[in-house]
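Everything on this sheet refers to the single structure shown next.
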Amino acid sequence: MVLGEAPGQMEDKIGRPFTGEAGHDLDALLRYAGLNRTDVAVSNVCHCRPRGNRTPTPAEVMFCASRWAEAELEAVHPEIVVTVGVPSTQYFLPEIASLDRVARVPTTITRPWGDFVLFPTYHPAAMLYSPESMSHPVWWGFKRLGEFLKSDGLMDKLVVPMDNLVVHSYRTVEGLEPLFGGPLPEIIAIDTESLPDGTPYCVTLSWAPGQAVFIPTTPDLMRDLQAAIRGRTVVFHNALHDLLVLESLGVQVERFDDTMVMGFVLCEPALGLKLLAASYCGLPMKEFKEVFPKEDIRNAPVPTGVEYACRDADATRQLYMLFKTALRDQGVWEVYETDRDCLPTALEMMRNGMLIDRAHFAHLEVTMVARVEEARQECIRLAWHEYNPNASAQAARVMYTELHLPKPKKHGKSGIPTTEKPYLETLDPDLYPIAPAQVEFRRLSKLLTTYIRPIPAAAGPDDRVHTQIKPTSAGTGRWATGDPLNLQNQPVRDEEGREVRDGFVAPPGWKLVEVDKSQIEMRTGAHISRDPGLIRLFLEGRAKHRAVAAWEYGISQDDVTSEQRRRAKSMDFGAFYGLSAIGASRNAKQTEEWAQEFLDNFMRQFPGIPTYSRRAIQFATKNGYIVSPSGRKRYIFDVYSQ
């Protein structure tokens with residue numbers, strides 16, 4: 001049985017639950033889980049549509065569900081009830097505030113007429129409101145539901161009283177020598193906790209389910225810990241953080257694994273330890289700020305701190321044992337090993353940081369402040385009065401209401417016509433000179449506020465920016481950086497941007513080297529598509545984008561201009577990534593007709609590309625995911641929404 005929250009406008013009109021867009025998505029989700037709509041009773045905890053189509057309150061849910069939903073449950077006698085969304089889940093689990101820690105976690109609910117399994121997950125409508133952030137969690141919930149239904153004995157393994165899965169023993173120790181009653185097992189898990197100022201507070205260690213110890217960070221105990229873990233595999237959840245903490249305590253780890261990276265390779269939509277532990281291990285866990293006032297572990301009774309910290313290490317080890325099997329079963333253990341083995345390099349990069357020239361940035365700031373003010377005055381001159389070019393509402397009023405620039409079709413969330421660069425650059429600068437002036441002001445302002453001032457502010461006493469590397473942020477496996485700055489996103493396309501990059505320097509006696517792989521996307525495309533013409537271009541050593549431009553324009557490669565090469569390059573990438581003629585025309589700054597003709601000719605010239613694309617779509621439609629040449633899986637649930 002599926003229980004939603006309340007009828008929407010279409011459901012209220014037709015008199016049947018899940019009949020609008022969310023109903024269409026629910027049908028696709030049920031099919032993905034191996035079910036048909038006819039196999040499932042579908043209803044809502046509230047049978048009346050709330051005024052204004054708002055979310056029903058807990059009081060409304062309780063009033064309606066206790067009368068009608070309970071009667072439906074007793075009549076249907078379902079073995080499993082899938083609650084979609086917070087209101088329907090809260091009816092059965094009133095203590096929850098969100099789905100973050102209960103989504104996809106089966107639990108047993110008892111009623112006078114019998115027991116059933118509650119399976120909470122996200123509402124299909126979440127994909128309509130937030131497609132980028134919610135599509136994966138919604139589909140993943142029904143993926144887990146399908147696995148739950150298909151696996152023999154899985155119900156017995158997963159449906160457990162949440163707090164009784166493991167009878168645990170968590171305690172503080174004053175010495176490690178006699179603790180374990182023998183040598184430590186080969187696999188142990190470690191977690192660290194720090195104070196608000198970053199000072200390490202404790203280390204927790206788990207060696208068996210339900211067994212963990214809280215170790216104060218005294219020098220003697222850290223020496224004991226170093227001796228205890230020597231030669232063993234240490235499991236972390238977010239190893240890059242904990243390894244740095246342990247290094248600061250003088251503890252070195254020889255071999256390690258990382259359950260966060262494991263979950264990433266397994267395509268888990270959320271990688272927080274608390275959610276994963278609840279979902280896979282049945283371990284209820286609270287967030288740090290829920291347990292400790294002012295987010296300081298010292299602001300709670302000692303037993304509370306011991307319980308919280310030890311639970312993290314215990315959950316990490318239990319999760320590791322499950323994920324290790326899952327990675328091997330899914331054939332992606334080697335992908336995980338590759339990701340894990342790159343972490344020491346990331347750790348060294350984080351530790352070293354990037355050296356900056358503070359004097360260079362100080363000079364840049366003085367220069368840029370003057371240029372920003374000059375650009376601001378130019379905008380004001382063209383507007384004939386004072387206004388803030390950084391304020392979208394003011395800029396829109398000046399340009400579209402007062403100066404009567406052509407209004408765009410695109411509007412922002414607040415309904416204000418867009419004042420962003422892509423649209424303003426489509427306007428004739430001679431007819432509407434305030435458009436390029438607005439673009440120039442914002443370009444210079446961004447350089448000042450996003451790069452020139454924040455970079456030296458983020459550098460430490462060693463004049464280095466120590467950014468955090470995030471190996472699990474991009475679904476493709478590419479690293480990201482951030483906190484305090486994203487050092488992968490530094491300006492380069494104009495002179496002022498290059499001046500910003502010039503502020504990153506090498507120490508005396510060293511050099512900074514920039515390395516780039518030539519046309520790596522196209523070379524990879526040639527490899528996976530096996531297109532003979534594309535492969536021949538590379539084997540002959542010809543400049544790919546220049547060759548395509550020459551072929552498209554019917555001229556020799558020597559006569560290809562830089563602008564023609566740029567257009568061909570943008571179109572080449574677009575062809576591989578399935579870009580439409582509309583998107584391609586914007587990239588190449590040409591008409592849609594020109595872009596469509598280019599794409600059609602490109603596909604005829606290199607037929608292996610559309611053939612590969614069709615094969616990839618067919619594979620994704622059948623399996624729900626695609627596989628990279630290195631074996632990495634990536635779920636593409638949108639293929640079921642078409």
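The values are calculated or read from the model by the stated rules, or taken from the named source; none is laboratory data. Predicted, not measured: the structure shown is a model, and the values here were computed from it. Don't worry about glycine lacking a Cβ; one is built from the backbone with ideal geometry, like all the others, and counts go over all protein chains shown. Remember, those area values only see protein heavy atoms, side chains included, never the ligands or the DNA or RNA. Shrake-Rupley method; radii C 1.70, N 1.55, O 1.52, S 1.80 Å.
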task = Would you mind stating whether D257 is in a helix (DSSP H, G or I), in contact with a strand residue (DSSP E or B) (Cβ under 9 Å, 6 or more places away or on another chain) and either among the acidic types (D, E) or closer than 22 Å to P471 by Cβ (or both)?
result = no
query = In the stretch 184-205, which residue that is out of contact with any Phe, Trp or Tyr (no Cβ under 9 Å at 6 or more places or on another chain) and not charged (D, E, K, R) is most open to solvent (accessible area, probe 1.4 Å)?
reply = P196
note = When every residue in the stretch 17-32 that is in contact with a strand residue (DSSP E or B) (Cβ under 9 Å, 6 or more places away or on another chain) and in a loop (DSSP other than H, G, I, E, B) is compared, the one most open to solvent (accessible area, probe 1.4 Å) is P17
task = Could you grab me the full set of residues in the stretch 375-391 that are closer than 21 Å to L448 by Cα and either touching a helix residue (DSSP H, G or I) at 6+ places or on another chain (Cβ under 9 Å) or open to solvent by less than 50 Å² (accessible area, probe 1.4 Å) (or both)?
result = A375, R376, E378, C379, I380, Y387, N388, P389, N390, A391
Of residues in the stretch 371-416 being under 38 Å from the mean Cα position of the chain (by Cα) and among the polar types (S, T, N, Q), the one farthest from Q438 (Cα to Cα) = S414
query = Pick from the stretch 424-442 the residues that are without any contact (Cβ under 8 Å) to a residue 40 or more places away in the chain and under 25 Å from R498 (Cα atoms): which of them is most open to solvent (accessible area, probe 1.4 Å)?
reply = E425
message = Contact list please: Cβ distance under 8 Å, first residue in the stretch 606-620 and within 21 Å of F538 (Cα to Cα), second residue at pLDDT 90 or above and surrounded by fewer than 14 Cβ atoms within 10 Å (Cβ to Cβ), pairs at least six apart or on different chains.
response = G608/R530; G608/P532; Y612/R530
request  = Being part of a helix (DSSP H, G or I), of a type in the set (V, I, T) and under 19 Å from the mean Cα position of the chain (by Cα) is the filter here, so list the residues in the stretch 87-142 that pass it.
outcome  = V138
query = Which pairs do you get when a residue that is of a type in the set (G, A, S), found in the stretch 531-559, comes within reach of a residue that is open to solvent by 60 Å² or more (accessible area, probe 1.4 Å), reach meaning Cβ atoms under 8 angstrom, with the pair 6+ apart or on two chains?
reply = G533/Q605; A549/R565; A550/D559
task = Among what's in the stretch 455-491 and is part of a helix (DSSP H, G or I) and out of contact with any Leu (no Cβ under 6 Å at 6 or more places or on another chain), pick the residue that is farthest from A506 (Cα to Cα).
result = A457
query = Considering K294, K286, K324, which residue is open to solvent by 50 Å² or more (accessible area, probe 1.4 Å) and modelled with pLDDT of 95 or more?
reply = K324
inquiry  = Which count do you get for residues in the stretch 42-63 that are touching a residue at least 40 places away in the same chain (Cβ under 8 Å), of a type in the set (A, V, I, L, M, F, W, C) and surrounded by 16 or more Cβ atoms within 10 Å (Cβ to Cβ)?
reply    = 4
Considering residues of the stretch 392-441 that are acidic (D, E) and out of contact with any helix residue (DSSP H, G or I) (no Cβ under 6 Å at 6 or more places or on another chain) only, the residue farthest from G583 (Cα to Cα) = E402
ask   = Quick one: how many residues across the stretch 206-251 are open to solvent by 30 Å² or more (accessible area, probe 1.4 Å), hydrophobic (A, V, I, L, M, F, W, C) and over 34 Å from the mean Cα position of the chain (by Cα)?
value = 1
remark   = Selection from the stretch 314-359 of residues without any contact (Cβ under 8 Å) to a residue 24 or more places away in the chain, more than 25 Å from V245 (Cβ to Cβ) and within 22 Å of the chain's Cα centre (by Cα) yields W333
message = Checking the structure you have, find out if any residue of the stretch 476-493 is more than 30 Å from A270 (Cβ to Cβ) and either among the polar types (S, T, N, Q) or free of Cβ contacts under 8 Å to residues at least 24 places away in the same chain (or both).
response = yes
